[in-house]
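The values are calculated or read from the model by the stated rules, or taken from the named source; none is laboratory data. Please read all numbers here as calculations on a predicted model, not as lab measurements. Positions of Cβ are backbone-derived with ideal geometry, glycine not excepted, and every protein chain shown enters the neighbour counts.
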Amino acid sequence: MKMLFVVLLVTLAGTAHAADRLPKAMLGTWASDPSACGRQASELGMTVEADTVLFYEHGFKISRIARQKDGSLRASGYSFDDAGRTRDTLALKLIAPDRIQIKGEVYHRCEKPNGGKQRE
């Protein structure tokens with residue numbers, strides 16, 4: 001019985017961890033202006049990773065994700081920059097395969113999900 005409990009606990013912990021990662025459809029390089037795609041270190045660029053969103057000179061580390069009724073995701077974690085880090089939340093919503101809304105701003109995908117350059 002004790003062994004079953006340990007296996008169940010480990011399985012549940014793994015499931016919870018996997019749920020707190022952004023979906024593959026959101027991952028990649030984005031820009032608030034498509035013309036900024038390909039410009040290294042652009043202030044308009046953003047990179048979305050499974051548990052991190054990186055902006056120009058600051059970022060957001062995800063600890064937990066909750067799906068909202070409107071289909072958006074509410075990520076809890078902390079923002080970080082040169083001054084340190086602060087607990088924060090971030091709203092993300094994929095509004096089309098090539099557009100994502102974060103913090104109320106729309107970003108355009110800079111590359112196709114398979115790695116090719118997105119049409120501008």
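Here are some notes:
- Extreme residue, modelled with the lowest pLDDT, among residues of the stretch 73-107 that are charged (D, E, K, R) and part of a loop (DSSP other than H, G, I, E, B): K103
- Scope the stretch 38-61; condition closer than 14 Å to M26 by Cα, in a strand (DSSP E or B), hydrophobic (A, V, I, L, M, F, W, C) and in contact with a Leu (Cβ under 7 Å, 6 or more places away or on another chain); matching residues: M46, V48, V53
- Filter pass, D98 being farther than 18 Å from R21 by Cα and surrounded by fewer than 14 Cβ atoms within 10 Å (Cβ to Cβ): no
- Count of residues meeting criterion [surrounded by fewer than 16 Cβ atoms within 10 Å (Cβ to Cβ) and either among the aromatic types (F, W, Y) or touching a residue at least 24 places away in the same chain (Cβ under 8 Å) (or both)] in the stretch 33-50: 5
- Residue list for the stretch 24-70, filter: touching a helix residue (DSSP H, G or I) at 6+ places or on another chain (Cβ under 8 Å) and under 14 Å from R109 (Cβ atoms): L44, G45, V48
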